[in-house]
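Below you'll find the structure, written out as C-alpha cells, and then a few comments.
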Amino acid sequence: RLPAPLKRLFIMGNSGLTSLECLSGEHPPSLESLWLERCSTLASLPNEPQVYRSLWSLEIRGCPAIKKLPRCLQQQLGSIKRKWLDARYEVTEFKPLKPKTWKEIPRLVRERRQACRS
C-alpha cells in the first residue's frame with residue numbers, strides 16, 4: 001500500500017520489485033515525480049493515463065526488464081517537463097519520424113534533447 005496523495009516516488013537499486021501496478025486506481029492522480037533507477041526486475045508500469053496525468057518529472061535508467069513504456073505514458077512524454085530516459089525508451093518518441101536506419105536514432109535523440117532544453 002502506498003500513501004495518498006503520493007507526489008514523488010523514487011526507487012533505486014531494487015532487484016525484487018516486478019510491477020508498479022499499485023499506482024493504479026486507488027487514489028486520484030497526484031504523482032509528480034517518478035524515478036526508477038537500477039531496478040533490474042521491474043517489468044511493468046501501469047497502463048492507465050490517470051497515473052501519469054500530474055507527472056512533470058520522469059527518470060527511467062537501468063531497468064532492463066521494462067521492454068517498452070506503456071502506451072499512455074508514451075503519449076504523455078511530450079508534456080513531461082523533465083525527462084531522463086534510457087535511449088531505448090526515447091526511441092518511442094520518434095515513431096512519426098520513422099528513422100531509416102538505427103544509426104539515425106542517436107542523432108534524433110540528441111536533437112530532441114536539445115529541443116526540450118530550449
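The values are calculated or read from the model by the stated rules, or taken from the named source; none is laboratory data. Since this is a predicted model, take the numbers as computed values, not measurements. Every residue, glycine as well, gets a Cβ built from its backbone with ideal geometry; the counts of neighbours run over all protein chains shown. The protein model used for the area step is the full one, side chains on, heavy atoms only, and it has no ligands, DNA or RNA in it. Shrake-Rupley method; radii C 1.70, N 1.55, O 1.52, S 1.80 Å.
How about region 43-73: which of its residues are surrounded by 15 or more Cβ atoms within 10 Å (Cβ to Cβ) and not in a loop (DSSP other than H, G, I, E, B)?
Correct list: 50, 51, 52, 57, 58, 59, 60, 72, 73.
From the residues in region 74-98 that are open to solvent by 40 Å² or more (accessible area, probe 1.4 Å) and not in a helix (DSSP H, G or I), which one is modelled with the lowest pLDDT?
It comes out as 98.
On the basis of being hydroxyl-bearing (Ser, Thr, Tyr), open to solvent by 70 Å² or more (accessible area, probe 1.4 Å) and at pLDDT 85 or above, does residue 18 make the cut?
Against the criterion (hydroxyl-bearing (Ser, Thr, Tyr), open to solvent by 70 Å² or more (accessible area, probe 1.4 Å) and at pLDDT 85 or above), residue 18 qualifies.
Determine, yes or no, whether residue 34 is surrounded by 14 or more Cβ atoms within 10 Å (Cβ to Cβ), closer than 24 Å to residue 7 by Cβ and at pLDDT 70 or above.
Considered against the rule, which asks whether it is surrounded by 14 or more Cβ atoms within 10 Å (Cβ to Cβ), closer than 24 Å to residue 7 by Cβ and at pLDDT 70 or above, residue 34 comes out as yes.
Restricting to region 99-110, name every residue that is modelled with pLDDT of 70 or more and open to solvent by less than 90 Å² (accessible area, probe 1.4 Å). So that I can check it myself, show each step before the final result.
Within region 99-110, the first condition is being modelled with pLDDT of 70 or more, and the residues that meet it are 103-110.
Those that are modelled with pLDDT of 70 or more and open to solvent by less than 90 Å² (accessible area, probe 1.4 Å): 104, 105, 106, 108, 109.
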